[in-house]
Amino acid sequence: MASSSSARLMLLAALLASAAALAAAQKATGTKPKAATPAASGPSAATADGPAPTNVTAVLEKSGKYTTFLRLLHESRVDTQINSQLMDSYNGLTMFAPTDAAFAALKPGTLNSLSSQDQIQLMLYCVLPRFYSLSMLTTLSGPVNTQASGADGPYKYKIKPSNNNVNISTGVNWALLSTVVSKDFPLAVYSVDKVPLPYELFGPKPPTPAPAPAPAPSKSKTKKHKKSTGIAEPPAADDTTAADTAKKAAAAATGVSRWVAAAGVLGGAIFAGLF
């Protein structure tokens with residue numbers, strides 16, 4: 001009995017010693033149970049988990065060849081409009097980006113001649129309202145709408161394949177897609193060697209019609225009628241002069257005398273025949 005009780009006490013003491021040693025070890029390492037963290041939610045979580053939204057400025061700034069185009073996009077606020085559309089559009093966008101060399105080749109004063117609204121139209125003209133890969137662009141035919149066209153307005157392109165590349169025509173000039181800057185949905189960006197000049201802004205203007213000639217003044221004069229005063233007016237004077245009257249009287253007398261003479265001769269002849 002005494003030996004059995006002694007063994008139990010020794011086993012209990014060993015267990016207590018092991019527990020104390022384990023507690024000391026955990027305290028020394030500072031290990032604590034980790035609490036479960038709730039899953040993040042909302043827009044910030046979607047941004048952290050998914051790819052960052054496409055930003056047209058960031059895409060164009062990488063090469064450093066589009067500083068003028070970027071400045072015009074920013075001044076016209078078209079860059080803000082494009083970035084907003086890229087976040088909400090299921091169709092994506094396509095951009096033709098003129099290089100700094102393309103802008104430098106313009107005639108002096110070309111951009112300064114445009115109003116603020118015209119500059120906005122020029123920037124929107126460089127954007128197509130959906131995503132087109134290079135192979136998709138080669139299959140297009142007929143007029144192609146731009147962001148400046150609205151639903152179905154002017155400001156269109158004619159696109160023509162050229163070997164493995166694409167030419168775009170504005171009606172004023174041609175531009176060649178020289179480099180693919182971005183080919184990932186939702187934004188395709190192609191570098192162009194000329195600034196696309198829309199026909200609506202840079203095409204020939206119709207001549208101004210000449211003003212209609214003024215009507216000729218009327219020569220007829222309205223005859224004024226004198227008001228009647230109750231006194232009879234003298235008859236209008238005859239334009240025949242006294243000399244004309246004398247001539248007519250002399251002519252009449254001469255004719256009468258000739259008839260008288262002729263009658264006398266005829267009467268004398270008749271009288272002689274009777275006797």
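Given the criteria of a type in the set (D, E, K, R), open to solvent by 20 Å² or more (accessible area, probe 1.4 Å) and at pLDDT 95 or above, does residue 100 qualify? Yes. Any residue that is over 19 Å from residue 81 (Cβ atoms), open to solvent by 70 Å² or more (accessible area, probe 1.4 Å) and out of contact with any strand residue (DSSP E or B) (no Cβ under 7 Å at 6 or more places or on another chain) - is there at least one of those in region 189-196? No, region 189-196 has no match at all.
Could you list, in sequence order, the residues of region 141-160 that are crowded, with 17+ Cβ neighbours inside 10 Å and aliphatic (A, V, I, L, M)? 144, 148, 159 - these are the residues of region 141-160 that are crowded, with 17+ Cβ neighbours inside 10 Å and aliphatic (A, V, I, L, M). You will find that of 117, 81, the residue that is surrounded by 15 or more Cβ atoms within 10 Å (Cβ to Cβ), assigned to a helix (DSSP H, G or I) and of a type outside the set (Gly, Ala, Ser) is 81 and no other.
Scanning region 84-94 for residues that are surrounded by 12 or more Cβ atoms within 10 Å (Cβ to Cβ) and part of a helix (DSSP H, G or I) yields a count of 2. Here residue 105 clears all of (1) within 20 Å of residue 76 (Cα to Cα); (2) touching a residue at least 12 places away in the same chain (Cβ under 8 Å) except the condition numbered (1). Filtering region 103-120 to residues that are under 22 Å from residue 61 (Cα atoms) and over 21 Å from the mean Cα position of the chain (by Cα) leaves 104, 105.
The values are calculated or read from the model by the stated rules, or taken from the named source; none is laboratory data. Since the structure is predicted, the reported quantities are computational estimates derived from the model, not experimental observations. A quick note on method: Cβ atoms are made from the backbone with ideal geometry, for glycine too, and the neighbour counts reach across all protein chains shown. When the accessible area is computed, the model is the full protein with side chains, heavy atoms only, and any ligands, DNA or RNA have been set aside. Shrake-Rupley method; radii C 1.70, N 1.55, O 1.52, S 1.80 Å.
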